Amino acid sequence: MTLADRLHFAWDALHGFRMRTALMLLAMAIGVASVVLLTGLGEAARRYVMGEFSSLGTDLLVVLPGRSETVGGPPPLLGVTPRDLTLEDALALLRHPAIKRVAPLVIGSVPVSAAGRERESTVVGTTADFEPIRRIEIATGRFLPAGDPRRGRPLCVLGRTIEAELFGGASALGETLRLGDRRCRVIGVLGSTGRSLDVQLDELVLVPVSTAQALFDTPALFRVLVQARDRTLLERAREGILATVRARHDGEDDVTVITQDAMLATFDRILGTLTLAVGGIGAISLVVAGILIMNVMLVAVSQRTAEIGLLMALGAPPRQVLGLFLTEAGLLALGGALLGLAIGALGAALLGAFYPDLDFSAPAWAAPAALLLALGMGLLFGALPARHAARLDPVAALARR
Amino acid sequence: MLELAGIGRDFEVGEQTVHALRDVELNVAAGEYLSIMGPSGSGKSTLLNVIGLLDRPTRGRYCLDGTDVTVLDGAARAELRRDKVGFVFQFFHLVPRLTAAENVGLPLVLAGVEPDERRVRVARALERLDLVSRASHRPDQLSGGQRQRVAIARATIMEPRLLLADEPTGNLDRHSGHEVLELIEALHASGLTLLVVTHDPEIGRRAGRRIHVVDGRVEEQVP
């Protein structure tokens, strides 16, 4: 029996029992669609988080004061350190050839007031280079001016929320703001930060680093953002940072350097595993569909006992009968899988219409994997009914009408 | 052509063993026309099934064209059945979802014959049995006589040497039955070995050799 004939025969049989064919196609389609949709959801989450992190810049290094003592452990967020990381340390880093920009950060919280309104706000002291490093958008005015960071002028840049709360819709540009016991002139307002994990950027007041140091009365930096000249130079920049700090801190390695890449890789791994896990949940529904195929095929075999007997009387060896029923199961699985892929794509498009920011398309491996899995399930669970058919006694089978 | 020696066939029914065939000795030469008669439950259908390789005897030796078929496995028996034996059943056994032409061509499909050759052979068979106008009808659109003619076309499409008919007229009216019988006998006249199982003595008398099966034993009636 040629392959074309076998397919044709199986097709006719499926066509002849429409209700059962439709039910099995539906079951298989739901299984495949759920694999495609669930992995699509996982991928959407992964892409979203990865997008957020790479918007921070993948050529960035973060220098924290204090050293993580155990390899691979989390860096101490507020590490107790024998020596402060100072503005001089940060500026010294700029002499390294692999380092392009440096933004020292001093962070604290003070009451902020203007025109009789007051609120507590986070104040960040930094330099002009913070703007290109964090890709900050300015809505109106300008960012902190370049110049000697040791001598900051009383200027500040506001986040949108702060501006709205203190100035109530009026433009803050040129107004004076009171930060603790100091006064600053507002020279700029931050624009939309777009999709950023750092949503509190809207609630910040940015001042020159030396102003913040004076405000909080500390020479210590909270951390230093370092931008390498190129992604490929990250490792050289890291070594340069460690060497520079060691030279300035009497040979002590008392800072920790994190790369965005390392964080990115960790998130990628975690979310990739998540995608696999939800895909696995979807695969369970494929197993359920497989069991349904087995059930319905068993019913089909007993319904078509006389036909099987006839095929045997006409000279079909058991293997051929087995092959015919397996072909039917395979066709069902394949047809259901294709239908499921279509439903999955439709579902992803529908979700995409509701959440236009996210891309719900499944990862490239999901469609072929679901297809193969569906076919595997069809054949695996089709095998038992097919064997049952192949082992029928032709005389007894023919006696059934 | 057929040599049966000491053939027995037992069935286990509950605790009991039923001897459907006992010590059957039968030789049939190529081109003979045999009728097998007997009351129902006598074992005549079992005999036909054993001869048609659908059933395996419990005991004895059965040679078909000189080959001992009792030692062959299922696949080899299926191949012999396909190439040498044609069956005509009382209840036609047509596949309901296939057209007349497709039912006739089914053995060719199972045997892997190329579609082009298949078309030619099916067309010839339909013509021979006067079914050309019914080629694309499904079995439920055919009369009983037409259905049995489709079944005969199917049974002969592989050009077997042996035609086994189990009550071929049992489900037909008198007129169609007669027609079908004449068709089968015409096939015998063209050289086929023909075995017809029937309980109708009138049909049984038409055969050249008459076999009676009673209680699993074969008795030959001398005319």
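Taken together, the values in this text are just the output of simple stated rules run on the coordinates, not laboratory data. Please read all numbers here as calculations on a predicted model, not as lab measurements. With ideal geometry, Cβ positions are generated from the backbone for all residues, glycine too; neighbour counts draw on all protein chains shown.
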Unit charges at the beta carbon, dipole of the protein assembly as shown: most positive-side option, A:His388, A:Leu298, A:Gly174:
A:Gly174
Could you sort B:156-169, A:174-187 so that the peptide with the highest average Cβ count within 10 Å comes first and the rest follow in order?
B:156-169, A:174-187
Which of the helices in chain A, when you take each full DSSP H run, stretch at least 18 Å along the axis at their Cα atoms and have an average Kyte-Doolittle score of 1.0 or higher?
A:260-303, A:318-354, A:366-390
Can you give the mean number of other chain Cβ atoms that lie within 10 Å of the Cβ atoms in peptide B:91-98?
5
If you count, for every residue in B:81-87, the Cβ atoms of partner chains within 10 Å of its Cβ, what is the mean?
4
Excluding B:Gly6 itself, calculate the net charge of residues whose Cβ lies under 15 Å from the Cβ of B:Gly6, where each Lys or Arg counts +1 and each Asp or Glu counts -1.
+1
In percent, how large is the relative contact order of region A:83-253, given Cα pairs closer than 8 Å and 6 or more residues apart?
34
Explain nothing, just the number: dipole magnitude of the protein assembly as shown about its Cα centre with +1 on each Lys and Arg Cβ and -1 on each Asp and Glu Cβ, in debye rounded to the nearest 20.
700
Which residue fluctuates most in the GNM of chain A (Cα springs below 10 Å): A:Pro219, A:Pro149, A:Pro317?
A:Pro317
Partner shielding of B:105-112, as the mean number of partner chain Cβ atoms within 10 Å, equals 6
Per Stokes-Einstein, at 20 °C and 1.002 mPa s, what whole-number D in µm² s⁻¹ belongs to region A:83-253, with the Kirkwood radius over Cα pairs as the hydrodynamic radius?
129
Which value results when the Cα radius of gyration for chain A is divided by 2.2 N^0.38 Å?
1.55
Protection-proxy order for peptides A:95-103, B:50-58, A:318-326, each taking the mean of Cβ atoms within 10 Å per residue, highest first:
B:50-58, A:318-326, A:95-103
Identify, among A:Met19, B:Phe89, B:Leu53, the residue whose Cα sits farthest towards the positive end of the charge dipole of the protein assembly as shown, taking +1 on the Cβ of Lys and Arg and -1 on the Cβ of Asp and Glu, with the dipole about the Cα centre.
A:Met19
Taking the Cα centre of region B:38-132 as origin, sum charge times position over the Cβ atoms of Lys and Arg (+1) and Asp and Glu (-1), and report the length of that vector in debye to the nearest 20.
300
Using a Gaussian network model of chain A whose springs link C-alpha atoms within less than 10 Å, name the residue from A:Gly347, A:Gly169, A:Gly66 with the highest mean-square fluctuation.
A:Gly169
Please compute the contact order of chain A in relative form: average sequence separation of alpha-carbon pairs under 8 Å and at least six residues apart, divided by the residue count, as a percent.
30
Would you be so kind as to identify which of B:Pro115, A:Val102, B:Gln16 lies farthest towards the positive end of the dipole of the protein assembly as shown, taking Lys and Arg as +1 and Asp and Glu as -1 on Cβ and the Cα centre as origin?
A:Val102
With springs connecting C-alpha atoms under 10 Å apart, model chain A as a Gaussian network and identify which of A:Arg134, A:Arg18, A:Arg160 has the largest mean-square fluctuation.
A:Arg18
Scattering from the C-alpha atoms of chain B alone, worked out with Debye: what is log10 I(q)/I(0) at q = 0.09, 0.14 1/Å?
-0.36, -0.88
Per the helix-only calculation at 222 nm, which mean residue ellipticity applies to the protein assembly as shown, given -39500 (n - 2.57) for every DSSP H run of n ≥ 4 and division by its residues, nearest 500 deg cm²/dmol?
-15500 deg cm²/dmol
